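Written below as structure tokens is the structure these notes are about.
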Amino acid sequence: MSSVSPARSSGWVLGRIGGTPIVVAPTSALLGLVLAGTWYPVVDSVLGDLGIATVLGVVLATVVGVALSVLLHELAHGLTGTLLGRRPTRYELYLWGGRTSFGAVGHWAPWKEVLTTLAGPATNALLWLMLDRVFLHPVGAVGSETLFVVALALAWVNLALAVFNILPALPLDGGHALAALVAQVTGRTALGQKVAAWGGVLVSVGVVWYWILEPLLLRGARPQALNLMIVVLVLWSILGSSWRVLGLGSGARAAARLDLRRLCRPVAVVAASAPVAEVRQCLASGMAVVVVVESGRLLGTIDAAGLAETGLEDPAGGGEALASQICRVLPAAAVTTSLGGAQAAQALRAARAVSRWLLLVENGNLCGAVPTGAR
């Protein structure tokens, strides 16, 4: 969960809840097709006698139900954060996962992070329980066979989302909660990250054993293709995160020594309605970047090069132009709360592809900007 979010970025905006945009990644369409293609043969084998229209309807209802389950997971993060004093600024959905971005706050205690993070999988567990009790038990409580199949699928999906996300491994909710809990107890954020990273290593070993080694060594069974795909996806995400946090490998060890605060340059914050003259004055006073905000939301940035591109660097020009009209839209990758180590190095690499500057946020406050080397 990030501490700030940009004004715009790629994705389809489905709507807003409480003023917060719900953005669906374009890759969700592909994932939806994969899910539908995987689920169709199963539904057809059970409900094929009812016709292709019924089968397609059940498949579509299941895909939509999965998307809603993911959305409710993210909304739970947002609602919990709001109740604890940190408002969400963006919900992003990827069908099988999501991300909730939050606005900056003066202080955010680790225990609040624990509660906010665990709210997502807790919601999926509650949905599983409701579907199981209302639609599936007692058997035959649902008269419609099609509704039973949809409810059964969504019950198991929500159970899987709850169990998977609660695993003590980064970048899952359980890993973030474990890291925050260790930070709350010890006061050492870096230690919490390392503990969660080792948790990821153990989870990865368990996944390999359960889906590959145990069937192969103890039962002499060849691992199924679906199981192999699950293992690859899990290892790519979890083990990759653990590798970066623990600083394994020579490049990672060098990155572990990185401290972005040493490279930090001063920034100025102006309102969206500020005139260009105020922006010029900030840059002339030695500010590296001018950050434009509106109602606590970061709209974009203006630096000397960007001002020159607009042709308004001359004090005699600009007229009635406002900061919001000339700022460069701030991508999500141009903001980081990771100020040191491998995560900071990764944030700097990601920002280089989209921005000349990486904004640093520490304890909810904007503390400066680091040049990325991008043009």
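The values are calculated or read from the model by the stated rules, or taken from the named source; none is laboratory data. What you are looking at is a predicted structure, and each value in this text was computed from that prediction instead of being measured. Please note: Cβ atoms are built from the backbone with ideal geometry, for glycine as well, and neighbour counts cover all protein chains shown. Quick note on the areas: whole protein, heavy atoms, side chains included, nothing else; ligands and nucleic acids left out. Shrake-Rupley method; radii C 1.70, N 1.55, O 1.52, S 1.80 Å.
Out of T100, T80, one residue alone is of a type in the set (S, T, Y), surrounded by 21 or more Cβ atoms within 10 Å (Cβ to Cβ) and in a helix (DSSP H, G or I). It is T80.
On the stretch given as the range 39-60, residues that are open to solvent by 40 Å² or more (accessible area, probe 1.4 Å) and either outside any helix (DSSP H, G or I) or under 19 Å from L93 (Cβ atoms) (or both) total 2. Every test in (1) over 30 Å from M130 (Cβ atoms); (2) aliphatic (A, V, I, L, M); (3) touching a Leu at 6+ places or on another chain (Cβ under 8 Å) is passed by L191 save one, and that test is (3).
Restrict the check to the range 313-321 and report whether at least one residue is acidic (D, E), in contact with a Ser or Thr (Cβ under 9 Å, 6 or more places away or on another chain) and either open to solvent by 30 Å² or more (accessible area, probe 1.4 Å) or more than 27 Å from W108 (Cα to Cα) (or both).
no
Reported count of residues in the range 237-264, each being touching a Cys at 6+ places or on another chain (Cβ under 7 Å) and modelled with pLDDT under 75, is 0.
Here's the yes/no breakdown for (1) among the polar types (S, T, N, Q); (2) modelled with pLDDT of 90 or more; (3) open to solvent by 40 Å² or more (accessible area, probe 1.4 Å); (4) out of contact with any Lys or Arg (no Cβ under 7 Å at 6 or more places or on another chain):
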| residue | (1), (2), (3), (4) |
| --- | --- |
| L115 | no, yes, yes, yes |
| V134 | no, no, yes, yes |
| H137 | no, no, yes, yes |
| A155 | no, yes, no, yes |
| N165 | yes, yes, no, yes |
| L170 | no, no, no, yes |
| G175 | no, yes, no, yes |
| G187 | no, no, yes, yes |
| L202 | no, yes, yes, yes |
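Checking the stated criteria, A342 turns out to be in contact with a Gly (Cβ under 6 Å, 6 or more places away or on another chain), touching a residue at least 12 places away in the same chain (Cβ under 8 Å), buried (at least 17 other Cβ atoms within 10 Å of the Cβ) and under 19 Å from R244 (Cβ atoms). Kindly establish whether L30 is free of Cβ contacts under 8 Å to residues at least 40 places away in the same chain, closer than 13 Å to V149 by Cβ and either open to solvent by 50 Å² or more (accessible area, probe 1.4 Å) or in a helix (DSSP H, G or I) (or both). Considered against the rule, which asks whether it is free of Cβ contacts under 8 Å to residues at least 40 places away in the same chain, closer than 13 Å to V149 by Cβ and either open to solvent by 50 Å² or more (accessible area, probe 1.4 Å) or in a helix (DSSP H, G or I) (or both), L30 comes out as no.
Restricting V70, V58 to those that are in contact (Cβ under 8 Å) with a residue 12 or more places away in the chain and touching a helix residue (DSSP H, G or I) at 6+ places or on another chain (Cβ under 7 Å) reduces the list to V58. Considering each residue of the range 217-236 in turn, at least one proves to be in a helix (DSSP H, G or I), crowded, with 20+ Cβ neighbours inside 10 Å and modelled with pLDDT under 80.
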